[in-house]
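All remarks here apply to the structure that follows.
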Amino acid sequence: MDEPDLKCPACSKGDLERGTDEIEIPHFGRVIHYYMRCKICGYRVNDFAFQGDFPNEDKIEIRRKEDLEIKIVRGSGATVLIPELGLELYPGPLAESFITNVEGLLNRFLHLMPLFDDQKKVKEIEEKIGAAIQGKLSFTISISDPSGISHFIRN
Ligand SMILES: [Zn+2]
C-alpha cells in the first residue's frame, strides 16, 4: 500500500512515518501494534489489534473441586455457556475481557443474579452455583470466540 505521508499534527513540520510491530502479551497471545511517528518531534499515534490464535471453540468438564482452579481468558467477543447451571454470557456493548478461574467465573455470575426478575429461577440457579463452587456438581463450560483470544489455561 502506498499511502501519502501525513503531516504531524503536533509540530506540523515533520512527516508521520508508519510502522507495525508485534508484542506478546501473556495469556492474550499476539498483539499487532500499529504506530505513526513524527520524524522531527517524535509525536506518536498508537493503535493495537489483538491477534488471537487459539481455537474458536473450546470446552472443559469440571468434575472435581481442583478443576475450579482452571483459568479462563475471556475476550470481549466471547460467548460463555454453562448449560447444567443455566448460565450464559454473550458479547455486547458492556462485555469485558477478563482472566479468572472457574470459581471466579461462577462468582461473576452470582453477582449478576440480582439483575434478573424471576426470583424463583434466580434462587434455583444460585443454589446450583453454590453446589458447583463446593465441588458437589459436575458441569461443562464452553467458550466460543471468533477472535481466537478466549481459551482455558489447563495446568
Ligand atoms: Zn512532529
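Coordinate-derived values only; no laboratory data. This is a predicted model, so every value here is computed, not measured. Every residue, glycine as well, gets a Cβ built from its backbone with ideal geometry; the counts of neighbours run over all protein chains shown.
The region of the chain that goes longest without hitting one of the trypsin sites (Lys or Arg not before Pro) in a DSSP loop, each with at most 11 other Cβ atoms within 10 Å, is 65-135. Principal axis analysis of the Cα atoms in segment 53-155 yields extents of 40, 33, 18 Å, listed in decreasing size. With respect to the chain, whose longest principal axis is taken over its alpha-carbon atoms, helix 102-112 is tilted by about 90°.
What you get for segment 57-153, charging only the Cβ of Lys and Arg (+1) and of Asp and Glu (-1), is a dipole of about 200 debye around the Cα centre. The chymotrypsin sites (Phe, Trp or Tyr not before Pro) found in segment 34-137 that occupy coil by DSSP, while having at most 13 further C-beta atoms within 10 Å, are F116.
If you fit an axis through the alpha-carbon atoms of helix 119-133 and take the longest principal axis of the Cα set of the chain, what angle between them do you get, 0 to 90°, nearest 10? For helix 119-133, the angle is close to 80 degrees.
Share of pairwise Cα-Cα distances greater than 23 Å in segment 1-123 is 53 percent (whole percent).
Regarding segment 100-155, what is the average projected area of its C-alpha convex hull, in nm²?
Mean orientational projected area (segment 100-155, Cα hull): 5.0 nm².
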